[in-house]
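Please read the structure below before turning to the comments.
The values are calculated or read from the model by the stated rules, or taken from the named source; none is laboratory data. On a predicted model such as this, the values are computed, not experimentally measured, just so you know. FYI the Cβ positions are ideal-geometry reconstructions off the backbone, even for glycines, and counts take in every protein chain you see.
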Amino acid sequence: MIDPRKTGAYISKLRREKDWTQLDLAERLHVTPQAVSRWETGDSFPDIALLSQLAQIFRVSVDNLLNGQPASIFRDRRKVTAGDLLTELAEGHPETVAKLVREEKAGMEELLDVAPLTRPSTMDKVVEGLTGFSLSIEQIVQLAPFVSQDVLGAVLEEVIDTPGNQNMIGELAPWLDRETLDRWVERAINGEVEGSLLTTLAPFLSRETLDGLVEHVKDGGIELGELEDLAPFLGAQALDRLVDQAVDGEIEANILVRLAPFLSKTTLERLAGHIQDGTLETVHLEELAPFLDAPVLERLVFETTDGKVDISLLRALAPFLSREALDRLVDQVAEGNLDADHLTELAPFLSRESIQKILQYISAGTITPEVMVELAPFIDKETLSNLIRGSIRARGGETASPQE
C-alpha cells in the first residue's frame, strides 16, 4: 500500500541531500514550490509522469519513491513492481501493463497500488486489455473508483452471475451508471435477486426509478417490509400514491403506520380525515397519533365526545394531547357530554391543576363523588390528606348533631 507521507518524507530527504530548496526542485520539474511542499508533507502525491522525472533527478527507482525508502538488495528482480507499472504507464504503455498482469508477471496488488495515481482513461485501457483474465468481484470493487462507468459495467457483466457475486452489487453502486442500476432494480422486482438489494441501491437510484417502484407494490413485486426501508428515499408524490392505495384498499392499510414518519403534514391531516369519515379503521389512529399535530388530534378527540369516533381511543390519544385539551375534556364531563368513567382513563395524563378542577366539580356536585375513589392514586399526598381530614370533620359534625 502506497503511503503519501512516506513518499513525501523520502522526497524531502533526497532534496535536502542535494542541498536544494523546494523552489530549486520545483523549477526543475516545472511545478510550483507549493506543489513540492504538499508532496513532502503527504498532503498530495505527484502524478505518474512527475514520479518518473523525480526518479531520474534523484537517480533512484520509482519503487524507491513509492516505498519511501531504498529497495532491499534481496528484492526478486524478476518480479514486476508497482514502480515498473507506473514507469510503463508514464511512457504511455497501458497495453504492456495489461499484458504483464494477464501473464501474472505483475500482480493485481501492484495494479491496485498504482490505480489511484493513474488517470481513469489510462486505467480504462489497462482494464480493457485484461480480456480473458479472471478478475474477482472483490478486485472489481477495488478498481471501481478508478475506471469509467462504461468499463466498470462491462467488466461486471462478465462475473456478476457467478454465485455469491451479486451480494457485492451494493458496494459497487456508487460507481455504476443509471442504466446498470435500473437493470438490477428490475431483476430485484422480478425476483431474480434478493429484494433487499433495493434498499442497498436506494441512495444511488434516480428519483424517477425510486418513484416507479411504488407501482410494483400492488402486484407484489415489492414487499411491504422492503417498502418501509425504501420510504426515506421516496418523494412526496410517491408516498402520497402509496397512501391513496392504502385508503382504497389496494394494499394493506398497516403500511401507513410504517410510512408515517416520512409523510407530509398535509398528507397526515388527510389520513386523519379518512379516519374521521370512516374510510380508514380507527385502529390506525392510535399508531398514527405520534405523527399528527395537536390541533388535528384535538379535533378528532372532541368529535369523539360527540360519538363520531370510538370513545375507547381516548386513552390511547391522551399522551399526545395538550394540557388545554385535557382540561376541556374534564369540562365535557362536568357538562355531561362525556361519561365520568372516562376520567379514570385520562387520569395518568392529567395535570395537578386538572385533578384540582375535578375535585372542585365533585364538591359542587357536578361530578359524582365515586370518581374520586378511582382518581385517588393520581391525587397528590397533601390534597388527599386534606380531603380525608375534611371528610372526617364532616362525619364528626353529622354525628354530633343529634346529641345537641
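Let me confirm something: among 239, 197, 201, which residue is at pLDDT 90 or above, within 30 Å of residue 145 (Cα to Cα) and of a type outside the set (Lys, Arg)? Steps first, answer last, please.
Details: 239 fails: within 30 Å of residue 145 (Cα to Cα); 197 fails: at pLDDT 90 or above.
None of the other options fit; the residue is 201.
From 111, 100, grab the single residue that is surrounded by 22 or more Cβ atoms within 10 Å (Cβ to Cβ), in a helix (DSSP H, G or I) and of a type outside the set (Ser, Thr, Tyr).
On the way: 100 fails: surrounded by 22 or more Cβ atoms within 10 Å (Cβ to Cβ).
Just one listed residue meets the conditions, 111.
Kindly indicate whether residue 63 is of a type in the set (Asp, Glu), farther than 25 Å from residue 161 by Cα and modelled with pLDDT under 90. Break it down stepwise before answering.
On the way: of a type in the set (Asp, Glu): yes; farther than 25 Å from residue 161 by Cα: yes; modelled with pLDDT under 90: yes.
So residue 63 passes the test.
Out of all the residues in region 219-264, which are part of a loop (DSSP other than H, G, I, E, B), under 19 Å from the mean Cα position of the chain (by Cα) and surrounded by 17 or more Cβ atoms within 10 Å (Cβ to Cβ)?
Result: 234, 263.
Is there a residue in region 39-51 that is surrounded by 13 or more Cβ atoms within 10 Å (Cβ to Cβ), under 43 Å from the mean Cα position of the chain (by Cα), of a type in the set (Ser, Thr, Tyr) and outside any loop (DSSP other than H, G, I, E, B)?
Yes, the conditions are met somewhere in region 39-51.
When region 119-137 is examined, which residues are found to be of a type in the set (S, T, N, Q) and part of a helix (DSSP H, G or I)? Even if it seems obvious, please write down each step before you answer.
Taking region 119-137 first, the residues of a type in the set (S, T, N, Q) are 121-122, 131, 134, 136.
Across region 119-137, the qualifying residues are 121, 122.
When you go through (1) at pLDDT below 90; (2) more than 18 Å from residue 115 (Cβ to Cβ) one by one for residue 156, which number turns out not to apply?
Of the numbered conditions (1) at pLDDT below 90; (2) more than 18 Å from residue 115 (Cβ to Cβ), the odd one out for residue 156 is (2).
Can you pull out every residue in region 321-368 that is among the polar types (S, T, N, Q), surrounded by fewer than 17 Cβ atoms within 10 Å (Cβ to Cβ) and not in a loop (DSSP other than H, G, I, E, B)? Give the derivation first.
So in region 321-368, the residues among the polar types (S, T, N, Q) come out as 322, 332, 337, 344, 351, 354, 356, 360, 363, 366, 368.
Filter once more, so that each one left must be surrounded by fewer than 17 Cβ atoms within 10 Å (Cβ to Cβ): 322, 337, 344, 351, 356, 360, 363, 366, 368.
Once the filter is applied, which keeps residues that are among the polar types (S, T, N, Q), surrounded by fewer than 17 Cβ atoms within 10 Å (Cβ to Cβ) and not in a loop (DSSP other than H, G, I, E, B), region 321-368 yields 344, 356, 360, 363.
Identify the single condition in (1) at pLDDT 80 or above; (2) within 21 Å of residue 318 (Cα to Cα); (3) among the β-branched types (Val, Ile, Thr) that residue 362 does not satisfy, given that it satisfies every other one.
Failing condition for residue 362: (2).
Condition test on residue 92, is it surrounded by 15 or more Cβ atoms within 10 Å (Cβ to Cβ) and not aliphatic (A, V, I, L, M)?
On the way: surrounded by 15 or more Cβ atoms within 10 Å (Cβ to Cβ): no; not aliphatic (A, V, I, L, M): yes.
Judged against the criteria, residue 92 is not a match.
In region 188-218, what residues are surrounded by 14 or more Cβ atoms within 10 Å (Cβ to Cβ), part of a helix (DSSP H, G or I) and not β-branched (Val, Ile, Thr)?
Across region 188-218, the qualifying residues are 188, 197, 198, 201, 202, 204, 210, 211, 212, 213, 215, 216.
Quick one: in region 265-297, of everything that is of a type in the set (Ser, Thr, Tyr) and part of a helix (DSSP H, G or I), which residue is surrounded by the fewest Cβ atoms within 10 Å (Cβ to Cβ)?
The first filter runs over region 265-297 and keeps only residues of a type in the set (Ser, Thr, Tyr), leaving 266-267, 279, 282.
Those left that are additionally part of a helix (DSSP H, G or I): 266-267.
Values: 266: 10, 267: 19.
Here the answer is 266.
Is it the case that region 69-78 has a residue that's touching a residue at least 12 places away in the same chain (Cβ under 8 Å) and buried (at least 20 other Cβ atoms within 10 Å of the Cβ)?
No: region 69-78 contains no residue that is touching a residue at least 12 places away in the same chain (Cβ under 8 Å) and buried (at least 20 other Cβ atoms within 10 Å of the Cβ).
One residue is enough: does region 13-30 have a residue meeting the conditions modelled with pLDDT of 90 or more, among the hydroxyl-bearing types (Ser, Thr, Tyr) and outside any loop (DSSP other than H, G, I, E, B)?
From region 13-30, those modelled with pLDDT of 90 or more are 13-30; that's our starting set.
With the extra rule that they be among the hydroxyl-bearing types (Ser, Thr, Tyr), the set shrinks to 21.
Of the ones still in play, those that are also outside any loop (DSSP other than H, G, I, E, B) are none.
The answer is no, given that none of the residues of region 13-30 is modelled with pLDDT of 90 or more, among the hydroxyl-bearing types (Ser, Thr, Tyr) and outside any loop (DSSP other than H, G, I, E, B).
Looking at region 140-161, can you tell me whether even one residue there is touching a Phe, Trp or Tyr at 6+ places or on another chain (Cβ under 9 Å), under 30 Å from residue 253 (Cβ atoms), touching a residue at least 24 places away in the same chain (Cβ under 8 Å) and in a helix (DSSP H, G or I)?
Within region 140-161, not a single residue is touching a Phe, Trp or Tyr at 6+ places or on another chain (Cβ under 9 Å), under 30 Å from residue 253 (Cβ atoms), touching a residue at least 24 places away in the same chain (Cβ under 8 Å) and in a helix (DSSP H, G or I).
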